[in-house]
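Laboratory data are not the source of any read-out in this text; all were calculated from the coordinates shown. This one's a predicted model, so the numbers in the text were calculated from it and none came from an experiment. Ideal geometry is used to build each Cβ from the backbone, glycine not excepted, and the neighbour counts take in all protein chains shown.
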Amino acid sequence: MKKFVFASLVASMFVAPMTQAADYVIDTQGAHAFVQFKVSHLGYSWLHGRFNTFSGTFSYDDKDLAASKIQLEIDTKSVDSNHAERDKHLRSADFLNVDKHDKATFVSSKVVAKDGANFDLMGKFTLNGVTKEITIAATKTGEGKDPWGGYRAGFEGKTSINLSDYGIKNILGPASETVQLDLVVEGVRK
Amino acid sequence: MPLNNLDPQNTEPQVTTPERYHGFSIFMHWLMVPLVLGLFSVGFWMVDLTYYSAWYKTAPHYHKSVGILLAVLLLLRLIVLFKKRKPAPIVTHSKAVQGVSKLTHALLYMLLVIIVMSGYLISTADNRGIEVFNWFVVPGFGEFFEQQADRAGLVHQWLAYSLIGLVVLHALGALKHHFVDKDATLKRMWWTKSNNSTEEKL
């Protein structure tokens with residue numbers, strides 16, 4: 001998987017100059033990006049959590065949206081649901097199995113424009129060593145110069161995954177089978 | 001309770017080794033038997049409880065509560081252990097047996113201390129305190145090192161297995177001395193006077 005991510009990165013370096021797409025680094029340095037999830041608790045309420053450590057890049061072209069791409073690598077050990085005992089359980093083999101698979105990745109393969117600022121981001125999502133095609137419903141939230149001499153573009157994305165699709169046995173009850181993922185991505189142009 | 005039987009030894013300035021352990025140590029020793037075995041059994045069982053088990057929340061709560069009490073008792077026990085004179089090794093025991101016994105005892109104490117400490121570190125890694133039977137809360141002080149809950153958890157688990165292994169060795173040793181060698185090893189950890197106490201003092 002790493003090789004694939006690397007290969008796509010290398011590929012994007014060569015492809016980028018041919019299109020007008022600009023390359024961005026996701027601003028994890030300044031923590032203007034978030035990988036969050038929410039899952040039902042007992043069917044009564046929501047549990048929110050996030051991954052604190054991740055990195056990624058994207059290229060984005062306003063004129064040719066289809067040429068845009070993104071790759072994201074998430075350190076699954078960094079799961080944080082604001083409860084150390086629960087996070088320990090989430091990292092265990094019952095859920096994220098981080099001893100075996102300490103990375104989750106998303107590599108886009110296709111971007112389909114929808115109305116306005118909305119688009120569908122399709123690609124391969126790898127979690128717990130299992131790779132599946134997913135579609136992220138994404139929206140461009142804005143772009144422009146920042147006050148410090150840089151240029152930024154921001155996006156939001158939502159998708160949902162089923163635990164059992166990724167080899168994670170759902171022990172939390174039927175309402176908790178589907179996990180919603182919320183991505184907030186702000187990139188700084190390279 | 002014949003605690004006062006033992007006290008004269010403390011008031012005597014001369015160096016006389018007591019024939020058995022201090023009454024408080026004996027009490028603590030036998031109190032910790034059900035506590036440690038209970039904590040281990042509950043700990044072993046509770047980690048595999050399903051989310052919908054009625055015990056899912058209560059078993060860890062009791063495990064932690066009793067664990068904190070054990071930590072307090074352990075502290076008191078260690079203070080008494082270091083303050084009060086211990087009985088001399090039994091002369092009929094070979095140097096090897098004496099050495100192994102000493103090592104086992106030291107390891108038992110060390111493991112108990114590290115296990116309660118690591119248990120504390122699991123539950124308090126996020127600054128949450130530990131509620132002891134809803135009587136009071138032991139405050140948490142957050143993360144002292146990366147991945148604290150996970151690492152402390154591994155230590156807690158594997159040292160608990162090691163402890164129980166040593167406890168078995170310890171108990172088998174004591175029973176062997178009592179029933180096979182018929183010496184005073186086990187009697188020194190009980191309050192009643194042993195028959196051959198005068199011989200041992202010599």
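Overall size of chain A from C-alpha positions, given as principal axis extents largest first: 48, 33, 31 Å. Inverting the pair-averaged 1/r between distinct Cα atoms of the range B:20-193 gives 17.8 Å as its Kirkwood hydrodynamic radius.
Over the residues of the range B:73-119, compute the C-alpha Rg and express it relative to 2.2 N^0.38 Å. All intermediate terms of the calculation are to be shown ahead of the outcome.
Details: Rg = 12.9 Å, N = 47, 2.2 N^0.38 = 9.5 Å.
Here the Cα radius of gyration is 1.36 times the empirical estimate.
The lysines within cross-link reach of A:Lys169, meaning a Cα-to-Cα straight distance under 29 Å and a gap of 8 or more places when in the same chain, are A:Lys2, A:Lys3, A:Lys38, A:Lys77, A:Lys88, A:Lys100, A:Lys103, A:Lys124, A:Lys132, A:Lys158, B:Lys57, B:Lys64.
What does the helix-only formula give at 222 nm for chain B: each DSSP H stretch with n ≥ 4 adding -39500 (n - 2.57), the total divided by the residues, and the result rounded to the nearest 500 deg cm²/dmol? Walk me through the numbers before you get to the answer.
Values: 6 runs with 119 residues, N = 202.
That calculation yields -20500 deg cm²/dmol at 222 nm.
If you wrap the Cα atoms of the protein assembly as shown in a convex hull and average its projected area over all directions, you get 27.9 nm². For A:Val25 and B:Leu75, what does the FRET efficiency come to when R0 = 56 Å and r is the distance between their Cβ atoms, rounded to the nearest 0.05? Efficiency at R0 = 56 Å is approximately 0.60. Within a straight-line Cα-Cα reach of under 21 Å, A:Lys63 can be paired with the following lysines, leaving aside sequence neighbours fewer than 8 residues apart in one chain: A:Lys110, A:Lys114, A:Lys140, A:Lys145, A:Lys190.
Counting only residues at least eight positions apart within a chain, or on another chain, the lysines with an alpha carbon under 28 Å from that of B:Lys176 are B:Lys84, B:Lys86, B:Lys95, B:Lys102, B:Lys187, B:Lys193, B:Lys201. Relative to the dominant Cα principal axis of chain A, helix A:2-15 is inclined by about 20°.
Estimated purely from DSSP H runs of n ≥ 4, each contributing -39500 (n - 2.57), the mean residue ellipticity at 222 nm for chain A is -3500 deg cm²/dmol once divided by its residues.
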